[in-house]
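Rule-based calculations on the coordinates, nothing more; no lab input. Just so you know, these numbers come straight off a predicted model, no measurement behind them. Cβ placement follows ideal geometry from the backbone for every residue including glycine, while neighbour counts extend to all protein chains displayed.
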Amino acid sequence: MKTKTFLLLCLILGIGFTQLSAQKGKNGTGTSTWVEPIEGNTYDISIICNGKEVDILNFPMYYELRIIEHYKNGEFVWGKYLLNNAEYTSKLTGEVFKAHDLEKEYERGYFTWRMNLNGNMGHHYIIKMVFETTNWEIIEYHSVCH
């Protein structure tokens, strides 16, 4: 029994050390993950539905950003960014929106931002924006508003 336990422990430790050595992140090949608190944003987001601006949301002043970035041979390949504890507020009505935000960036020069916003006054917005990262121009905007 002790031999089986020892071999199982060696197997688990071997897998763990292999995974750790593969995750060199920015200096090599692998994926890095961390959480960063963000404060002090003043960015406004226009909500456009059927070609008309229906709302303007203030970006949250505070949130946590969960960052996952993947590198290959020291070169950036992709990144995923998840906003935690983010609440947007409507500049027009004061409605507060709980958000599920997911952002993705690719080495090909595209940045995708998906937002699922549920307001405390009943509004629901699903937004997808795609940016071209050399000049941060929006090249695609899709929205569903309820």
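Overview of results
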{"read-out": "Per DSSP, loop chymotrypsin sites (Phe, Trp or Tyr not before Pro) in the stretch 39-83 with at most 16 further Cβ within 10 Å", "value": "43"}
{"read-out": "Percent RCO, i.e. relative contact order, over the stretch 25-145, from Cα pairs under 8 Å lying at least 6 residues apart", "value": "18 percent"}
{"read-out": "Label point 7 Å beyond Cα of residue 85 along Cβ direction - residues of the stretch 53-72 with amide nitrogen under 13 Å", "value": "61-66"}
{"read-out": "Sequence-distant residues sharing a close amide H with residue 29 (under 5 Å, placed H)", "value": "24, 73, 74"}
{"read-out": "Within straight-line cross-link reach of residue 128, aspartates and glutamates at Cα separation under 17 Å, skipping those fewer than 8 residues along the same chain", "value": "44, 53, 55, 101, 103, 105, 137, 140"}
{"read-out": "Karplus-derived 3J(HN,Hα), 6.51/-1.76/1.60, for each residue of the stretch 138-143, Hz, glycine and proline x", "value": "6, 10, 8, 9, 10, 9"}
{"read-out": "Stokes-Einstein D in µm²/s, Kirkwood radius over Cα pairs - the stretch 25-145 at 4 °C with 1.567 mPa s viscosity", "value": "84 µm²/s"}
{"read-out": "Distance between modelled label sites at residue 104 and residue 72, nm, 7 Å Cα→Cβ extension", "value": "1.6 nm"}
{"read-out": "Integer Hz, Karplus 6.51/-1.76/1.60 couplings in order for the stretch 95-107, x for Gly and Pro", "value": "4, 9, 10, 7, 10, 10, 10, 9, 10, 10, 10, 10, 4"}
{"read-out": "3J(HN,Hα) from dihedral phi, the stretch 61-68, Karplus parametrisation 6.51/-1.76/1.60, rounded to Hz, x for glycine, proline", "value": "6, 9, 6, 9, 10, 8, 10, 10"}
{"read-out": "Sequence-distant residues sharing a close amide H with residue 77 (under 5 Å, placed H)", "value": "70, 71, 72"}
{"read-out": "For the stretch 83-142, the fraction of alpha-carbon pairs in successive 5 Å shells from zero, as %", "value": "4, 18, 23, 19, 16, 12, 5, 1"}
